[in-house]
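Report on the following structure.
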Ligand SMILES: C[S@@+](CC[C@H](N)C(=O)[O-])C[C@H]1O[C@@H](n2cnc3c(N)ncnc32)[C@H](O)[C@@H]1O
């Protein structure tokens with residue numbers, strides 16, 4: 001379903017099909033969200049990677065995660081999965097700059113009866129993140145504008161207590177990040193973000209070369 005797993009490589013398509021036999025299928029509500037996303041948005045393949053959603057659900061269940069911050073809601077697929085994973089006592093704050101995307105997401109949050117658990121803030125992440133100072137989150141899922149990932153890191157760090165974790169998607173950017181001839185703005189920003197996290201002694205980071213590349217980094221001091 002994500003850009004990264006839709007490929008002409010038959011081996012990767014076989015992997016994708018195999019993973020689908022293992023993962024729980026989407027319920028009716030998420031299937032309807034996916035259909036509407038394909039019908040009305042320009043880049044439906046931005047929809048949450050089902051492998052990554054499963055990974056975050058595992059992380060939430062095994063690390064006592066209650067408060068989640070998401071950068072980049074899109075139409076709310078991952079937000080709904082995160083909100084279900086944190087349970088009734090948890091909360092998800094999600095940031096989205098596109099009115100179209102936010103409107104669709106809010107419709108499905110209501111249908112999923114998750115409006116008390118999800119707060120959607122409209123605007124750009126760089127403008128919204130400073131307004132969250134004073135709040136802390138157990139998990140921050142970074143999935144908005146790749147060109148702004150380095151700024152997000154600066155703005156997210158004060159929102160994490162020790163033990164708080166960043167999960168950032170697309171850090172290998174279809175292979176561009178490790179292709180030395182690629183120098184567009186997003187690729188360079190992702191390189192800066194990756195290096196900054198690994199060099200930052202306040203974080204313990206790892207990079208999972210799965211999907212489109214995912215960094216998992218926990219604040220340790
Ligand atoms: C890859 S999609 C998010 C996918 C979603 N997290 C999921 O897994 O289903 C990225 C989203 O970030 C939004 N976005 C782009 N730039 C942004 C910014 N500067 N601030 C907030 N959202 C932004 C886009 O409109 C888009 O909806």
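Where a number appears in this text, it was derived from the coordinates with a stated rule and is not lab data. Note that the coordinates shown come from a computational prediction; the quantities given were computed from them, not determined experimentally. Here the Cβ positions follow ideal geometry from the backbone for every residue, glycine too, while neighbour counts run over all protein chains shown.
Could you work out how far the C-alpha centroid of the range 183-198 sits from that of the range 33-81, in angstrom?
23
Semi-axes of the equivalent ellipsoid of the range 12-116: what are they in whole Å, largest first, if each equals the square root of 5 times a C-alpha gyration tensor eigenvalue?
Each semi-axis is √(5λ); the values are 20, 20, 12 Å.
Using Cβ counts within 10 Å as a stand-in for footprinting exposure, how do 46, 56 rank, fewest first?
46, 56
Relative contact order of the range 70-221, please, whole-number percent, based on alpha carbon pairs below 8 angstrom and at least 6 residues apart. List each step's numbers first, then the result.
Numbers: 274 pairs, mean separation 30.3, N = 152.
Relative contact order, the range 70-221: 20 percent.
If you wrap the range 58-115's Cα atoms in a convex hull and average its projection over all directions, what's the area in nm²?
On the way: hull surface 14.4 nm².
If I average the Cα hull's projected area over directions, I get 3.6 nm².
If you average 1/r across every pair of different Cα atoms in the range 10-66 and take the reciprocal, what Kirkwood value do you get, in Å?
In the range 10-66 this quantity evaluates to 13.2 Å.
For the range 86-162, what number results from the quotient of the Cα radius of gyration and 2.2 N^0.38 Å?
Against the empirical 2.2 N^0.38 Å value, I get 1.13 for the range 86-162.
In deg cm²/dmol, rounded to 500, what helix-only [θ] at 222 nm does the chain give when every DSSP H run of at least 4 residues adds -39500 (n - 2.57) and the total is split over its residues?
About -12000 deg cm²/dmol.
How many nm separate the modelled label positions at residue 180 and residue 39, each set 7 Å beyond the Cα in the direction of the Cβ?
The two pseudo-label positions are separated by 5.0 nm.
Give the Debye-formula value of log10 I(q)/I(0) at each listed q (0.08, 0.09 Å⁻¹), with one equal scatterer per alpha carbon of the range 3-219, two decimals each.
Per q value, in the given order, log10 I(q)/I(0) is -0.26, -0.33.
Which whole number in µm²/s is D for the range 125-186 by Stokes-Einstein, with the Kirkwood Rh taken over Cα pairs at 25 °C and 0.890 mPa s?
191
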